[in-house]
Amino acid sequence: KLELVLNTAKDVSDNYDVDEIVKILENNYEKTGEFFRNPVVIDKESIHSIPNYGSQLAPFFSTLGLWIAGYLLVMLLTTKAKKTKEDLEVSDTQEYFGKLLTFITIGVVQSIILIAGNLFVLGVYVEHPGLLFLLSIFISIVFITILYTFSSVFGIIGKILGIILLVLQLCASGGTFPVE
């Protein structure tokens, strides 16, 4: 066994520089400690700088809030017009667009309150607040129109379709962790 160790040591000393082996075996505690504290050095290059994580989550939760606000609106208010004492004939088209205008008006107010809360209460960072208000109003109109149409045309089934679309929206958007 001693002969094997001696032959191995002779092979190592013949093939490698002994000083190099000693340097490898010698521990430099400062460098080793620094490596284990910071094993990877990351160079960060910010393309679109946003000061906090809450501002990055605001678009996802704002659209989710607009959908839920529209859904609650459809659940709480009726989509059918009441009969009046004069028994005026109201066509289905007049009833649909008359009630839709009411729903859209309330939806626009909901979106303004939501974005105002984001900006002034939560302090969400936004590059162009005016464009955010316009976009949220547009999104609210689209969501209300979809939900109101489903509810007025299909009744209870339409309200269930609204929930299914909410789940699909959550799954398709990837939430806070996109599929990519």
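Kirkwood hydrodynamic radius, computed over distinct alpha-carbon pairs, for segment 98-138: how many Å, to one decimal?
Numbers: mean 1/r = 0.0928 Å⁻¹.
This gives a value of 10.8 Å.
What's the FRET efficiency of Phe120 with Ala172 using the Cβ-Cβ distance as r and R₀ = 30 Å, to the nearest 0.05? All intermediate terms of the calculation are to be shown ahead of the outcome.
Details: r = 31 Å, r/R0 = 1.03.
In this case the efficiency is close to 0.45.
Pulled fully out, how much extra length does the chain show between Leu88 and Phe133, if you take 0.36 nm times their separation in residues and subtract their Cα-Cα distance?
Gain on stretching Leu88 to Phe133: 12.3 nm.
From the C-alpha coordinates alone, can you work out the Kirkwood hydrodynamic radius of segment 44-123, in Å? Could you put the intermediate results ahead of the total?
Details: mean 1/r = 0.0640 Å⁻¹.
The Cα-based Kirkwood calculation yields 15.6 Å.
So, R0 is 41 Å and r is the distance between the beta-carbons of Val153 and Leu57; what FRET efficiency does that work out to, to 0.05?
0.75
Only the coordinates and a few stated rules stand behind these numbers; no lab work does. Model, not experiment: these values are computed from the prediction. Note that we place each Cβ from the backbone using ideal geometry, even for glycine, and neighbour counts take in every protein chain shown.
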